[in-house]
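Colleague: Below is a structure I'd like to ask you about.
Please treat every number below as a calculation from the coordinates, not as lab data. Keep in mind it's a predicted model, so treat the numbers as computed, not measured. Note: ideal-geometry Cβ built from the backbone for every residue, glycine included; neighbour counts use all protein chains shown.
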Amino acid sequence: MKRHSGRILALTATLMLLQGCNDSLTDIQQFMESVKANTPAGIPPLPKAKPFVHVSYQSAKARSPFSAPRPEAVQEQFSQSQDCLSPDPARRKEPLEKFALDNLAMRGTLGDSSNFWALIEAADKTLHRVSKNNYIGLFHGRIMQVDPNQIELIELIPDGAGCWKERTTTMQMADPAVAVRK
């Protein structure tokens, strides 16, 4: 009898499990149909590519548009076309000529009463020693005189018509309170 009741119990459990597998799938089928209905049918095609039109470069003899113009060439043309004051385009630039005078500071002097050198600090925190006839600043500034408290220089300023005008400029000794490095 125990054996018979075990079989009945196993048969009942199997039928209950099979009944759970036979459950209705209508809710899943409805969800799948709603997703299919709301999903677009496909991706729109890409627009047609425009054909490439080759344009040949006609100015092979002219200056390349991909290289910077030479400023020396422009200065030479002005010098040749007009007989007026201009900087020497063949002169080699000095290190302090890449800084504007606003970015230079006089920090001190060296020498005796007959010969002075000025100590100039550039914007990149380098210290340079200059004397008479050295060049500083962006406008071809030539040092005319070094005094214990100032430098006197003559700059060449372009006038816009191809000529240059001389301008006297003075650079004073920097204020010691401002000279403190951070």
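Colleague: Find, among the chymotrypsin sites (Phe, Trp or Tyr not before Pro) in region 24-57, those assigned to loop by DSSP (not H, G, I, E, B) with at most 15 other beta-carbon atoms within 10 angstrom.
Modeller: Answer by residue number: F52, Y57.
Colleague: Fewest to most neighbouring Cβ within 10 Å: what's the order for M16, M106?
Modeller: Result, fewest neighbours first: M16, M106.
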